[in-house]
Structures are given as structure tokens and as C-alpha cells.
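Chemist: Have a look at this one before I ask anything.
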Amino acid sequence: MTTIQCPKCGRGVAVGAGVARAQCFGCGTVVELSPAAKQETSDTASSPFPTMAVAFAGVLVVLILLVVAGSAFYMITRPSAPPAAGSSEPAASSNAKTKASEEPVVASDEERQRASRVSEGNREQIITMYDQLTSTTDRKIMAPKGSVIRNRTEQMLEGIENREIMHISALLQVDEVDVRAVIQVTLADRWQKANSEATAGN
């Protein structure tokens, strides 16, 4: 099926494959098709391959872009190197927030009071689930500071952490503020311990 222009009114006239003449619905003029026009309509209708080729090419381009984007994301957020074999340091203490080389991690008196009101069993479950989260999201971002890619990646990881904390709060029936207090106090204690061990080792 193709469209030709009516010589009288200029309106488009749809013409099927192999049709010798067509009538304009606007002015009623009968349009005779030239041999070349007949051949063109016939070729267009009987040759689906160009359309299929274009569709295939579009799908291929999308797949290539997805592979490139996935590879770039992995390179930017690839996991930090695992601890050396035989190391006695627990996995949880490898979190970047607890390393002695990082900025100090502190907990306020209010956070410690809130954390102390949470039962020991719930505190243990909160930290266990939080450590499981950070074991998958604690990634070394290779993009330079201040770059759009780094900012977007940090926002994404922060969003994942916030959703997981909300999930922990709902699962254990513990106020979200108290959950965050337990996590902050634990991270502060870990940092203090790591810092003391580093100082003693020097």
C-alpha cells in the first residue's frame, strides 16, 4: 500500500499493490497509475525485508547500549578488594565507615539513649541485616568527586540504604529513628575500636 497525490485536488490517494487506477475520495477524480508507479507499489507491498532489517538493527543498537551502560556502571561501582586470606578481621568491620583511616564516626548521647532502649535481640538483628546490606552496596566509586556520575551513584546507594532501614523498621516493629540510632552507635563503636587497634599497632 502506498499513497499518490490527486492531480486535481492534491489530496492523498491510497493505492494497493498491483492496482491500475484509484479514485480520489475528495473530488472523485480517477487517477491512472503509470507503469513505474504500479511497479513501485508492488515492490513496496511484496518486500517486507527492509522493514524487518530496520527493526532488527534497532533492537541490536538497544542491546549494545545496555551492555555498554552495564559495563560502565560496574567499572564505576566495582566492589572493594576482599580482605586477605587468613585475616581474622570480621567482614562487618571492613565497612568504609568504620576504618580508622576515614573521618571519625561518632554517636550523640541521644542516639546512644535511643539505642539502649532497643532490646538486645532487636539490636543484633538490626546490625545483622545492615551488615548484609553494606556487604552488597559497599562499593568503591571510581568516578572523581563532584562528577555527575559519582553524585548519581551515591544518591542511588543512599536510596537503597534508606529503603532497607525502613524495611528493617517495619519488620522488627522498631521506630525508624531508633533503628538508625542503633546503626550509628554500632558504627561509632567499631570506628573507635579500629582506631584504637591502629594506634596500638603503631
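Chemist: Taking 0.36 nm per residue of sequence separation and subtracting the Cα-Cα distance, how much length would be gained by fully extending the chain between Val67 and Arg112, in nm to one decimal?
Modeler: Values: separation 45, 0.36 × 45 = 16.20 nm, distance 4.61 nm.
That pair, Val67 and Arg112, stretches by 11.6 nm at full extension.
Chemist: Here is a further query. Roughly how big is the range 108-202's charge dipole about its Cα centre, with Cβ charges of +1 (Lys, Arg) and -1 (Asp, Glu), in debye to the nearest 20?
Modeler: 420
Chemist: Leaving out ligands, DNA and RNA but keeping every protein chain, what accessible area does Thr134 have, in Å² rounded to the nearest 10, with a 1.4 Å probe?
Modeler: Thr134 has an accessible surface of roughly 20 Å² with all protein chains in place.
Chemist: With each pseudo-label sitting 7 Å past Cα toward Cβ, what's the Asn162-Ala14 distance in nm, one decimal?
Modeler: Label-label distance for Asn162 and Ala14, simple model: 5.2 nm.
The values are calculated or read from the model by the stated rules, or taken from the named source; none is laboratory data. Only a predicted model underlies this, so the values are computations on that prediction, with no experimental measurement involved. Every residue, glycine as well, gets a Cβ built from its backbone with ideal geometry; the counts of neighbours run over all protein chains shown. Just so you know, the surface numbers come from the protein's heavy atoms only, side chains and all, with ligands and any DNA or RNA stripped out. Shrake-Rupley method; radii C 1.70, N 1.55, O 1.52, S 1.80 Å.
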